[in-house]
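> A single structure is presented below for examination.
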Amino acid sequence: MQLYVVRHGETEANAKGRYQGSLDAQLNENGVVQAMVLRTKLPAHIDSVVASPLRRAQQTARIIFVDGLLTVRTLDAFRERSVGVFEGLTQHEARERYPELWVQNITRRWALAPTDGESIEQVFERIRAGLNELLAANAHQVVVLVAHGFVAKVIRALVRRDLSDFFDWQLRNGEVLSLQIDAKVVALCGVDMR
């Protein structure tokens with residue numbers, strides 16, 4: 001399967017450096033423009049389109065595929081990571097309000113998460129299952145997935161089986177990651193992200 005992972009266009013939370021996570025924000029004006037430009041960054045032939053259920057991904061998909069020739073399928077497996085009590089806050093605000101979590105570097109811990117949020121481990125498992133579902137249904141096809149920044153990080157790490165630059169690598173709003181997936185995606189074994 002040839003997979004094109006698209007990160008949704010910009011939102012106000014992105015522009016202001018706020019943790020967005022599972023908040024259901026819409027695109028800002030710049031995000032709408034980014035979504036329109038994405039039409040030119042994708043291949044002419046696409047077999048299937050999948051999107052996260054969150055509004056910013058759904059809006060981006062509708063703008064890209066405005067002609068209606070392809071149906072956008074929604075898969076919950078590709079929603080953004082919830083960072084719980086940090087959502088809607090800047091890093092400075094999170095550090096001030098939740099110093100006991102902040103000092104643990106909680107958003108970068110494998111098996112721990114901010115209060116009411118998801119751990120990296122939970123997100124990896126959810127996305128791994130979603131990728132395998134996509135692969136089973138679209139083995140020899142070209143698939144576009146409209147999702148989120150953390151989702152793109154996880155997909156890239158799983159497909160490459162490499163976490164060496166996990167926290168450094170970033171897919172910017174309105175950009176595309178291209179990956180070839182030829183076999184069932186397995187979990188990263190023996191992961192230590194402390």
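We did not get these values from a lab; they are worked out from the coordinates using the rules stated. Computed from a predicted structure; not experimentally measured. No Cβ is skipped: glycine too gets one built from the backbone with ideal geometry, and neighbour counts run over all protein chains shown.
> Taking a virtual spin label 7 Å from the Cα of Met36 along the C-beta vector, which residues in region 1-19 bring their backbone nitrogen under 16 Å of it?
Only 9-10 fall inside the zone, counting backbone N under 16 Å.
> With a point put 7 Å past each Cα toward its Cβ, work out how far Arg108 is from Asp67 in nm, to one decimal.
Placing both labels 7 Å beyond Cα along the Cβ direction yields 4.4 nm.
> Turning to a different aspect of this structure: How do 140-153, 173-186 rank on mean C-beta neighbours within 10 Å, highest first?
On the way: 140-153: 22.5, 173-186: 14.8.
The peptides rank, most packed first, as 140-153, 173-186.
> Separate question: Pull out the extension gain between Asp162 and Ala187, defined as 0.36 nm times the separation in residues minus the alpha carbon to alpha carbon distance; nm, one decimal. Before the final figure, lay out each step's value.
Values: separation 25, 0.36 × 25 = 9.00 nm, distance 1.11 nm.
That works out to 7.9 nm of additional length.
> Which FRET efficiency value, to the nearest 0.05, do you get for Gln141 and Arg95 by plugging their Cβ-Cβ distance into 1/(1 + (r/R0)^6) with R0 = 35 Å? Kindly include the intermediate steps, with their values, before the conclusion.
Values: r = 44 Å, r/R0 = 1.27.
Once rounded, the FRET efficiency stands at 0.20.
> About the Cα centre of region 75-143, what is the dipole size in debye to 20, counting +1 per Lys and Arg Cβ and -1 per Asp and Glu Cβ, all else neutral? Show your work: numbers first, answer last.
Values: 8 positive and 11 negative charges, 41 e Å.
Using only the charged Cβ atoms, the result is roughly 200 debye.
> List the aspartates and glutamates whose Cα sits under 15 Å from the Cα of Lys184, skipping any in the same chain fewer than 8 residues away.
Glu125, Glu133
> Right, another one. Given that just one value was derived from the coordinates, which of (1) 18.6; (2) 17.0; (3) 18.0 is Kirkwood radius over Cα pairs in Å?
(2)
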